[in-house]
């Protein structure tokens, strides 16, 4: 479902499932079991924090959603499609509907900031004439208008974070995933970035943010779920640590 | 059962933890670039006729900087290897062309010229028989350029093998060279019969033995040079396959990221093909230039040491024959880039 379809569905009141984990387990090749019987669902337009201590499995859970890993147990549904054993030729179309802000940015060092942000558009086959202005506008908006042609290795951590953010957003994804998006920026910048995610969510995108910054979670008052030792504990909560309450 | 990666060659890798910094943005109203009410990239690509990412050559023709860095096996070493392979292929092709041209000239000359040997016990007998032979040849249709080479001249031809003065103890025949047209050549039996009827000791030599030998030698030479050309091109393809695999390994993180932002295998293979096309064209043009320089030097050396008209093929007299060598960069580039593309596609398919 692309943007126009999603708005139509939202206006009609139906909220299709964007992500559904059914009894999902994940064991790495070295035998480490990182996720155990995880069940949760995310509807179109929902906002969800994913919290938990380091090593709890937050990044692995996100990797399952952005189709970098296959679950070793259970059933994974994305945008209404069962993708548990989806053939690889069906994955690119699904991945293009997901914008990911990776924890370590994953920028391509041989490309400029502009080219990194343009990457999803190039991959989608869009002519540069049709996205040049949008990418420039986006980079200006994240405060990197003057670093547009700089290679990532000359950017600071915060600047890289913003390039990664712009890259995740440029294709107007239906689902935005962010892994510790405020981990490398100061609190003021972190707050701005979080407000951006809230705004994007308000405009229709489903958002999942993995973070261990409980203060940000509390400040925004959005739903959150907590992973501990590979298991979702206490279901889905609203608000911060002080107001954890199980939801049906 | 353990977790399997999807679509990428490696797990997440990054530049390491960066230091926390402050800075500007994102500030102000959400830019149009990310507002969901605009067209999606897929819509834009479809409406503007952009190269579909999933299309066979989508990765080749979408503009911008190369998405795969020029490192590892697709850099300068690959250019050098392709240059050497192209030079060898161009030289082999040049040899093929030169032998073909020379063989055609040799056989044309041999087919058009004939010789009558005039044997006799002494000079007087040889002279008499020579006159008889000349009367038959002059009366024959399609015969021209009759030249009598006296026994002394024939003796000179034997000097390298028999030494000076061989004619003193050998009865060296006189030779009559002449040219025949196609009609006369078709009636060789009649001409031979008239010569035999005119006098004893007249032997018509149509150079058939030489001609057949030359044809066989030329065909062998052509097969050899063409075989070398094919082998060198195949070797270049094999090297391209190895290099493509090495390039995939060297760029595993890049390829993993491309997959994760929605690239198809065809798009990535297209990017690799684009890199190999560029590197192969660059290398093969260098190789072609080197081969052309080598041929020019060879032509000069042969020209300086004497006329090459008969035994050695001459490019100087047929520069147009070098034109097919321009196909070498095209052939090597096409073969290596297509091989690289296929190698990458096969390799990516094995990678869940």
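The values are calculated or read from the model by the stated rules, or taken from the named source; none is laboratory data. Fair warning: this is a prediction, and the values are worked out from it, not measured in the lab. Counting neighbours? That spans all protein chains shown, and the Cβs are built from the backbone with ideal geometry, glycine included.
Mind checking which residues of region A:119-134 are more than 7 Å from chain B (Cβ to nearest Cβ) and either buried (at least 23 other Cβ atoms within 10 Å of the Cβ) or touching a helix residue (DSSP H, G or I) at 6+ places or on another chain (Cβ under 7 Å) (or both)?
Once the filter is applied, which keeps residues that are more than 7 Å from chain B (Cβ to nearest Cβ) and either buried (at least 23 other Cβ atoms within 10 Å of the Cβ) or touching a helix residue (DSSP H, G or I) at 6+ places or on another chain (Cβ under 7 Å) (or both), region A:119-134 yields only A:131.
Pick from B:82, B:126, B:176: which is touching a strand residue (DSSP E or B) at 6+ places or on another chain (Cβ under 7 Å) and modelled with pLDDT of 90 or more?
B:176
When only residues in region A:159-198 that are at the interface with chain B (Cβ under 7 Å from one of its Cβ atoms) and at pLDDT 85 or above count, which is farthest from the chain's Cα centre (by Cα)?
Step by step, filter region A:159-198, then rank; the result is A:159.
Is there a residue being touching a residue at least 60 places away in the same chain (Cβ under 8 Å), facing chain B (nearest Cβ under 9 Å) and either assigned to a helix (DSSP H, G or I) or surrounded by fewer than 22 Cβ atoms within 10 Å (Cβ to Cβ) (or both) anywhere in region A:207-230?
Checked against the condition, which is being touching a residue at least 60 places away in the same chain (Cβ under 8 Å), facing chain B (nearest Cβ under 9 Å) and either assigned to a helix (DSSP H, G or I) or surrounded by fewer than 22 Cβ atoms within 10 Å (Cβ to Cβ) (or both), region A:207-230 yields no hits at all.
Out of A:107, A:64, A:139, report the one residue that is crowded, with 24+ Cβ neighbours inside 10 Å and under 15 Å from residue A:210 (Cβ atoms).
A:64
Please state which of the following conditions residue A:105 fails to meet, knowing it meets all the rest: (1) touching a residue at least 40 places away in the same chain (Cβ under 8 Å); (2) outside any loop (DSSP other than H, G, I, E, B); (3) facing chain B (nearest Cβ under 7 Å).
The failed condition is (2).
Within the bounds of region A:1-15, is there any residue that is within 10 Å of chain B (Cβ to nearest Cβ) and either assigned to a loop (DSSP other than H, G, I, E, B) or at pLDDT 95 or above (or both)?
yes
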